[in-house]
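One structure below.
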Amino acid sequence: MGGAFFPTADKWQICRNNPGEQHYLVCNADEGEPGTFKDRVLMNRLPELLIEGMLIGGYAIGAAEGIIYLRAEYRYLLPRLEAAIATYKQLGWLGQPTPAKEPFTFDIRIQMGAGAYVCGEETALLDSLMGKRGEPWPKVFFPVERGYLGQPTSVNNVETLCAAARIIELGAKAFRSLGTPGSPGTKLLSVAGDCKFPGIYEIEWGMTVGELLGFCGAEDPYFIQVSGPSGICVPAAEQSRCICHEDLLCGGSVMVFNTQRDLLQVMINFTEFFKTESCGVCTPCRAGNFLLSRKLELLKRGLARPADLEEIRQWGQLLGVASRCGLGKASAHALINAMQKFPAYFQQRVRAKGREKGFDLDRALGDYREAVEQTS
């Protein structure tokens with residue numbers, strides 16, 4: 001399954017079955033979700049595995065060209081990837097006819113991104129590939145129908161393509177012997193935050209949150225942010241939850257926060273990130289994240305009213321329903337989930353009189369009245 005947990009085999013089958021003059025395979029290496037760095041490690045340590053996965057994917061969908069869309073911040077990985085591609089060309093696996101059941105010639109090139117978070121969304125990424133401003137598309141057509149240059153295109157992330165190569169190597173039976181019935185195999189997690197052993201962990205689907213916290217040496221955990229700022233907030237009390245498709249989905253990021261961290265400040269940071277990174281095309285995401293940031297600032301200053309919490313929930317719901325792309329839809333997930341998990345904490349940040357607290361109208365008008373008296 002890919003990052004959105006859609007079965008990769010289905011995506012490849014649909015792409016292959018859609019007619020077109022050419023089919024394309026695009027590797028989404030625009031790993032922009034804060035707290036996620038697994039794809040970076042794969043490309044740095046095992047670039048050959050990625051190339052083999054792209055060969056498999058290209059053959060599966062009938063593509064002649066594969067493109068690695070590499071985020072601007074990963075430019076230092078470019079020589080490593082280019083050297084690996086050159087090696088496979090020398091070995092005869094790229095750029096020339098390859099021994100296969102069906103005639104197959106496949107080549108890979110790399111295109112650099114420009115550092116935009118929204119280009120992690122597959123249609124915005126395709127716009128960027130074609131030299132346009134990266135903006136999510138209305139879902140009239142999916143990329144497997146009309147993608148890069150209007151042709152059927154499969155967009156897969158680095159981990160998905162590397163997993164495909166491992167499945168071919170180990171066999172489907174070995175892969176399915178791991179994990180859970182609903183999510184077989186393993187998953188790479190980027191673990192960071194208040195723990196002794198941050199880094200990349202390959203786990204079987206089905207591991208509990210508590211087991212993972214034990215492995216990484218979590219120190220006095222308060223809550224765990226799963227799948228980055230667009231994911232959900234898991235209190236330390238829910239350590240029995242299982243990381244799998246049947247329970248707790250995780251796209252790859254696990255951030256551990258201890259009891260010394262201010263939950264509200266973390267949510268403010270997340271919201272500021274989405275406010276800054278919004279492409280601005282749709283009003284719900286452009287205006288919604290700005291308004292959420294203002295509401296959180298009121299909470300921080302102790303000026304929020306009880307109604308402000310309800311308005312935050314309403315804006316979060318609107319973002320999830322009306323935003324143009326998945327990134328906008330998920331931008332308020334963490335905040336709304338945190339409010340559900342820690343209701344007492346947020347209630348404590350609200351004062352009964354709200355914005356009227358500490359405001360003295362007579363004092364505020366004092367200078368004005370004094371000036372009027374002096375001129376009269």
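Please treat every number below as a calculation from the coordinates, not as lab data. This one's a predicted model, so the numbers in the text were calculated from it and none came from an experiment. A quick note on method: Cβ atoms are made from the backbone with ideal geometry, for glycine too, and the neighbour counts reach across all protein chains shown.
In this simple spin-label model, placing a label point 7 Å from the Cα along the Cα-to-Cβ direction at both residue 10 and residue 283 gives a separation of 3.4 nm. By the rule of a C-alpha distance below 17 Å, with chain neighbours fewer than 8 residues away ignored, the aspartates and glutamates paired with residue 341 are 238, 247, 262, 310. Please state the shape class of the range 263-356: rounded when a/c is under 1.5, otherwise prolate if a/b exceeds b/c and oblate if not, all from the C-alpha gyration tensor. Taking the square roots of the gyration eigenvalues as a ≥ b ≥ c, the range 263-356 is prolate. Here the dipole of the range 8-170 is about 160 debye; that uses its Cα centre as origin and unit charges on the Cβ of Lys and Arg (positive) and Asp and Glu (negative). The alpha carbon centroids of the range 200-242 and the range 76-107 are separated by 38 Å. Over the residues of the chain, the helix contribution to mean residue ellipticity at 222 nm works out to -13000 deg cm²/dmol, using -39500 (n - 2.57) for each DSSP H run of at least 4. Looking at (i) 20.7; (ii) 25.3; (iii) 22.8, which value of Kirkwood radius over Cα pairs in Å comes from a calculation on the structure shown? Comparing each candidate, only (iii) matches the computed number. Of the residues 233, 259, 287, the one whose Cα sits farthest toward the positive end of the charge dipole of the range 219-323, with +1 on the Cβ of Lys and Arg and -1 on the Cβ of Asp and Glu, is 287. Taking label positions 7 Å along the Cα-Cβ direction at both residue 90 and residue 364, the computed distance is 7.4 nm, reported to one decimal.
If you take the square roots of the eigenvalues of the alpha-carbon gyration tensor of the range 46-168 and sort them as a ≥ b ≥ c, do you get rounded (a/c under 1.5), prolate (a/b over b/c) or oblate? The shape class here is oblate.
Highest GNM mean-square fluctuation, the chain, Cα pairs closer than 10 Å: which of 17, 289, 157? Its mean-square fluctuation being the largest, the pick is 17.
Put a plus charge on the Cβ of each Lys and Arg, a minus charge on the Cβ of each Asp and Glu, and nothing anywhere else: the dipole of the chain about its Cα centre is then about 340 debye. For the chain, the membrane-span-like helices by this rule, meaning whole DSSP H stretches whose C-alpha atoms cover at least 24 Å of axis and whose Kyte-Doolittle mean is -0.5 or above, are 283-301, 306-322; this says nothing about an actual membrane. Remark: the range 115-196 carries a charge dipole of roughly 240 debye about the Cα centre, counting +1 on each Lys and Arg Cβ and -1 on each Asp and Glu Cβ.
The alpha carbon centroids of the range 108-152 and the range 12-62 are separated by 14 Å. Here the calculated FRET efficiency for residue 197 and residue 17, from their Cβ-Cβ distance with R0 = 35 Å, stands at 0.20, rounded to the nearest 0.05. Each of 29, 87, 54 was placed along the dipole of the range 8-170 (beta-carbon charges, centred on the mean Cα), and the one lying farthest toward the positive end is 87. Could you compute the net charge surrounding residue 235? Neighbours are other residues with a C-beta less than 11 Å from the C-beta of residue 235; K and R count +1, D and E count -1. It works out to a net charge of +1. Taking a straight line from the alpha carbon of residue 101, these lysines sit under 21 Å away, with near neighbours fewer than eight places off in the same chain left out: 89. Going by neighbour counts of Cβ atoms within 10 Å, the residues 351, 40 line up, fewest first, as 351, 40. Calculated FRET efficiency, residue 351 to residue 241, Cβ-Cβ distance, R0 = 45 Å: about 0.85 to the nearest 0.05. Distance between the 7 Å Cα→Cβ label points at residue 130 and residue 80: 3.2 nm. Calculated FRET efficiency, residue 105 to residue 178, Cβ-Cβ distance, R0 = 25 Å: about 0.15 to the nearest 0.05.
Across the options 174, 331, 242, the greatest Cα extent toward the positive end of the charge dipole of the chain (unit charges at beta carbon of Lys, Arg, Asp, Glu) belongs to 331.
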